[in-house]
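Here's the structure, in structure tokens; my notes come after.
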């Protein structure tokens with residue numbers, strides 16, 4: 001029997017795609033040059049670290065404290081500091097459900113690749129942490145926007161829907177992101193539980209070339225899980241502003257395992273957590289020489 005035709009009102013709307021403006025194309029060329037320059041200098045590594053980047057349990061403990069307990073935004077005058085925990089351990093207690101959304105300037109084939117990259121990374125994070133992390137469209141609480149210069153109105157409208165309490169200053173940051181900001185994430189805590197993340201929004205520039213865009217996916221989702229800071233001493237790591245590594249490293253995998261180890265509790269200070277993180281780091285790396 002031939003199935004009945006779907007009523008016209010239920011036919012999924014075809015995604016809207018709009019050619020990028022001259023301003024967006026100029027920005028894309030700029031980031032292409034940035035990526036090429038970094039690669040020429042041996043940066044944006046994808047090997048996860050090797051013999052030239054040794055680290056031990058003491059390094060892990062030190063780097064974990066700086067990256068998990070402090071906040072890169074709290075050190076500046078940006079308004080995001082009010083939404084990012086500083087000085088106490090923050091992470092998700094409930095499942096993390098990631099949805100990837102796109103501005104109209106993003107071509108369809110690129111959307112499909114980005115969705116796959118986010119889904120693959122979510123699966124990897126779930127395996128690493130033992131925490132329920134998934135990618136899809138049902139009841140999301142972690143939104144990853146891939147959007148360009150031409151998609152500001154779309155992003156602003158969605159931010160107001162997702163985080164009704166978002167401030168005007170925070171909206172301005174998403175509206176006028178400096179070129180030096182490749183991407184960003186805002187993690188929001190639940191009412192009465194400032195160290196329990198319940199919602200997050202990440203923005204990845206659509207103008208980025210493939211590797212930098214994938215790097216942003218790795219870094220912003222990882223930071224949105226509860227590793228908000230960067231450290232110049234962390235190596236091999238994406239939590240370092242030197243751009244040496246593009247993708248999550250073996251060192252960073254261990255930081256995420258530490259973050260979601262059940263022996264740690266939300267709200268702990270670095271001093272309270274240190275004896276536990278020292279034990280976990282020893283288990284992950286073995287004793288220091």
Output for Cβ contacts, cut-off 8 Å, separation at least six or different chains, first residue in contact (Cβ under 8 Å) with a residue 12 or more places away in the chain in region 15-32, second exposed (fewer than 13 other Cβ atoms within 10 Å of the Cβ) and part of a helix (DSSP H, G or I), reads 15/108; 17/108
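Being at pLDDT 95 or above and under 26 Å from the mean Cα position of the chain (by Cα) is the filter here, so list the residues in region 279-289 that pass it.
First, the residues of region 279-289 that are at pLDDT 95 or above: 279-284.
Matches in region 279-289: 280, 281, 284.
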When every residue in region 208-250 that is part of a loop (DSSP other than H, G, I, E, B), surrounded by fewer than 18 Cβ atoms within 10 Å (Cβ to Cβ) and out of contact with any helix residue (DSSP H, G or I) (no Cβ under 8 Å at 6 or more places or on another chain) is compared, the one modelled with the lowest pLDDT is 241
Screening 50, 9, 42 for residues that are surrounded by fewer than 14 Cβ atoms within 10 Å (Cβ to Cβ), closer than 22 Å to residue 249 by Cα and at pLDDT below 95 leaves only 50
Residue count, region 92-105, condition closer than 15 Å to residue 202 by Cβ and in a loop (DSSP other than H, G, I, E, B), comes to 1
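So, in region 243-289, how many residues would count as being within 27 Å of residue 51 (Cβ to Cβ) and free of Cβ contacts under 8 Å to residues at least 60 places away in the same chain? It would help to see each step written out before you state the result.
Filtering region 243-289 for residues within 27 Å of residue 51 (Cβ to Cβ) gives 243-259, 277-289.
Add one more test, that the residue is free of Cβ contacts under 8 Å to residues at least 60 places away in the same chain, and what stays is 252, 279-280, 283.
Here the count works out to 4.
The values are calculated or read from the model by the stated rules, or taken from the named source; none is laboratory data. All values reported here derive from a predicted model rather than from experimental measurement. Note that we place each Cβ from the backbone using ideal geometry, even for glycine, and neighbour counts take in every protein chain shown.
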